[in-house]
Amino acid sequence: MSEIRLYISTTEKRAEIALSLMSDAFEDEGYAIATMEIDEKNDIWEASVYMFREDEAAIHDRFAALLAGDFPEAVIQREVLPDIDWIAKSLEGLKPVRAGRFIVHGSHDRGTARPGEIAIEIDAGQAFGTGHHGTTAGCLEVIFNVMRSRRVKRVLDLGTGSGVLAIAARKLAPVRVLATDIDPIATRVARENVRINGIASGVTLETAPGFHSTAFRRHGPFDLIIANILARPLMRMAPQLAAQLAPGGGDVILSGILASQRWKVLAAYNGAGLRHVSTIWRNGWVTIHLDNRR
C-alpha cells in the first residue's frame, strides 16, 4: 500500500510550531510526523505528516484546517513515497552518537568506542530508539548523570522500544531493570538487542499494556523510572507512574516531549507530587528529570 507525505515548507522556528500542532492533531491516531532541514543557508525546513493513500483525502482537509490560523500562506505539497524500509534507509551512514559516557553505534561501527566509553550496539530495526533522536540521546545523558550521583538498584524502562535505555542502565551499573512495551514486536527486538550487547542477566523484558500488569508489582518499586514516550500519554499516566517510585528516593526521566509541551508535562507531574530537577534541550525536544525528594 503506497504511503503519502503531505508537507509544508517554512523556517526552523515555524516548523517547530507546525510540529506541535500536528502532534496534538495526529499522533494519538498513529500518524507519523516529522520536521527536516532542507536548506541550512536559507533556513528552509519541511514539516510533514505521513499516511497511507487511502487516508489522504481526510488528512489533507484536516491538515489544511490545522494550518489555516498560524500558516495562512502555507502551500500543502504532496509526495508519494517508494516502498522502502525507511527506518533502515534513514540510518544508513549515520555516525555513532555520544551522550554522557555512552556511545551508541551500529554493527558496522564496532570498535569505535574510546577508552572509558560504554558502547551500546543498536542497528536499525522495527523498534524505536537508536540514539540518533534527540529524545533518546537526552535520556542517555540524564541516565548517566543520575546513576553516577546516587545509588540505584531497580530501574523501569517504560516503553522500551529497541531496549537502548535499559541496556545503558544495566551496562552502567549492576542494577535490575524491568523493560516494558505495549508492542510485542518491540519487546522481541529489545530482547535480541540485550543479547547482542552481551547482557546475560539483570534485564527483564515484558509486554505490558498498562500499569495493571503484574510485572510492575513483581519488580517494583523503582529507584529510577525512564519513560521516552510522548507528552500526552506521559501526562495521563503521571499519578500511576509516580506511584511506582520507591518512596522518598526515586528519580524519573521523561522524554518524547516537544519543547512547547514542557510546561504541561511539568504541571502534571508536579500535581503527582514530583519535583523538577533539570531539563535538557535537544533539537526542539526536551528530556525532563524529576524526583520525589522533598
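The values are calculated or read from the model by the stated rules, or taken from the named source; none is laboratory data. Since this is a predicted model, take the numbers as computed values, not measurements. Note that each Cβ is placed from the backbone with ideal geometry, even for glycine, and that neighbours are counted across all protein chains shown.
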- Task: Of all residues in the range 239-260, count the ones that are assigned to a loop (DSSP other than H, G, I, E, B) and of a type outside the set (Gly, Ala, Ser).
- Result: 2
- Which residue, of Val155, Val146, is crowded, with 20+ Cβ neighbours inside 10 Å, at pLDDT 85 or above and in a strand (DSSP E or B)? Val155
- Assess whether Ser90 counts as being at pLDDT 80 or above and either closer than 23 Å to Ala208 by Cβ or out of contact with any strand residue (DSSP E or B) (no Cβ under 8 Å at 6 or more places or on another chain) (or both). no
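Residues are listed down the side, and each one gets a yes or a no for (1) more than 14 Å from Glu121 (Cβ to Cβ); (2) of a type in the set (S, T, N, Q); (3) surrounded by fewer than 19 Cβ atoms within 10 Å (Cβ to Cβ):
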{"site": "Val164", "(1), (2), (3)": "no, no, no"}
{"site": "Pro174", "(1), (2), (3)": "yes, no, yes"}
{"site": "Thr187", "(1), (2), (3)": "yes, yes, no"}
{"site": "Ala190", "(1), (2), (3)": "no, no, no"}
{"site": "Ile196", "(1), (2), (3)": "no, no, yes"}
{"site": "Ala200", "(1), (2), (3)": "yes, no, yes"}
- Query: Checking Asp28 against (1) within 16 Å of Leu258 (Cα to Cα); (2) surrounded by 14 or more Cβ atoms within 10 Å (Cβ to Cβ), which test does it fail?
  - Reply: (2)
- Task: Quick one: count up the residues across the range 245-271 that are closer than 18 Å to Ile143 by Cα and over 15 Å from the mean Cα position of the chain (by Cα).
- Result: 5
- Note on the structure: (1) in contact (Cβ under 8 Å) with a residue 40 or more places away in the chain; (2) touching a strand residue (DSSP E or B) at 6+ places or on another chain (Cβ under 8 Å) all hold for Arg275 apart from (1)
- Given (1) modelled with pLDDT of 90 or more; (2) crowded, with 24+ Cβ neighbours inside 10 Å; (3) of a type in the set (S, T, N, Q), Thr130 misses just (1)
- Query: For the range 34-61, which residues satisfy the criterion of being within 29 Å of Leu234 (Cα to Cα) and either surrounded by fewer than 17 Cβ atoms within 10 Å (Cβ to Cβ) or among the hydroxyl-bearing types (Ser, Thr, Tyr) (or both)?
  - Reply: Ala34, Thr35, Met36, Glu37, Ser48, Tyr50, Phe52, Asp55, Ala58, His60, Asp61
- Query: Looking at Ala166, Ala173, which one is among the small types (Gly, Ala, Ser) and under 14 Å from the mean Cα position of the chain (by Cα)?
  - Reply: Ala166
- Kindly list the number of the only condition in (1) modelled with pLDDT under 85; (2) outside any strand (DSSP E or B); (3) under 19 Å from the mean Cα position of the chain (by Cα) that fails for Asp83. (3)
- In the range 45-62, the residues that are over 19 Å from Leu258 (Cα atoms) and under 25 Å from the mean Cα position of the chain (by Cα): Met51, Phe52, Ile59
- Query: How many residues are touching a residue at least 40 places away in the same chain (Cβ under 8 Å) and either over 18 Å from Ala238 (Cβ atoms) or not assigned by TED's automatic domain parsing to the domain that holds Ala246 (or both) if we restrict to the range 210-228?
  - Reply: 2
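This table checks each residue for (1) assigned to a loop (DSSP other than H, G, I, E, B); (2) closer than 21 Å to Glu3 by Cα; (3) among the charged types (D, E, K, R); (4) touching a residue at least 60 places away in the same chain (Cβ under 8 Å).
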{"site": "Met36", "(1), (2), (3), (4)": "no, yes, no, no"}
{"site": "Glu46", "(1), (2), (3), (4)": "no, yes, yes, no"}
{"site": "Ala58", "(1), (2), (3), (4)": "no, yes, no, no"}
{"site": "Glu73", "(1), (2), (3), (4)": "yes, no, yes, no"}
{"site": "Arg78", "(1), (2), (3), (4)": "no, yes, yes, yes"}
- Could you please find all residues in the range 15-53 being touching a Phe, Trp or Tyr at 6+ places or on another chain (Cβ under 7 Å) and more than 26 Å from Ile229 (Cβ to Cβ)? Ile38
